[in-house]
């Protein structure tokens, strides 16, 4: 019985790996797009995110450390009054990212990858509020104003640095290196 169960688990892992790896292989198969001098996003047109992103050598990368929500109300009695729910916190973080990028002459359209950590929300049965994050993301990416669909990882975690924080976001940005030495 144990051997049979191990075989089922091994076969399941193999099938899932093959399915998950498909977007990688489909992106790798588009050699002309991989040699582009522009950042190229790959994936399903119906997905809100890209499965992979190709960044040419002529681009610089800018990495943002994990960012948490801005304080909304110092006198607030609860997490939600001080920082907001997961969606509100995510919007605050993405607004901070947008403002920081603007000071560097960049925009959210230059973001290629987001790594997101979502902590349990007491108002959601102590489960991460993934939908709150997804709803916030949809306000900034894959929109008419910003059609970029970043590659993205969303991970549920036990906690963040403060129990008030329900979400933390890291960002990777690619921007054109206009240096003559790289041409």
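Derivation of every value follows stated rules applied to the coordinates shown; laboratory data play no part. All values reported here derive from a predicted model rather than from experimental measurement. As a convention, Cβ positions derive from the backbone with ideal geometry for all residues, glycine included, and neighbour counts pool all protein chains shown.
A few notes on this one:
- Pair residue 73, residue 36: separation of 7 Å Cα→Cβ label points (nm): 4.5 nm
- The range 32-119 pair-distance distribution - Cα-Cα, 10 Å bins, rounded %: 14, 35, 31, 14, 5, 1
- Shape analysis of the range 38-182 based on the Cα gyration tensor places the equivalent ellipsoid semi-axes at 29, 17, 13 Å, largest first.
- Range of Cα positions in the range 96-177 per principal axis (Å), largest first: 44, 26, 19
- If R0 is 22 Å, the Cβ-Cβ spacing of residue 81 and residue 138 corresponds to a FRET efficiency of close to 0.30.
- Pairwise FRET efficiency - residue 123 versus residue 159, Cβ, R0 = 22 Å, nearest 0.05: 0.90
- Full-stretch length increase - residue 145, residue 170 - with 0.36 nm per residue and alpha-carbon distance subtracted: 6.8 nm
- Cβ-Cβ FRET estimate between residue 57 and residue 107, R0 fixed at 30 Å, reported to 0.05: 0.85
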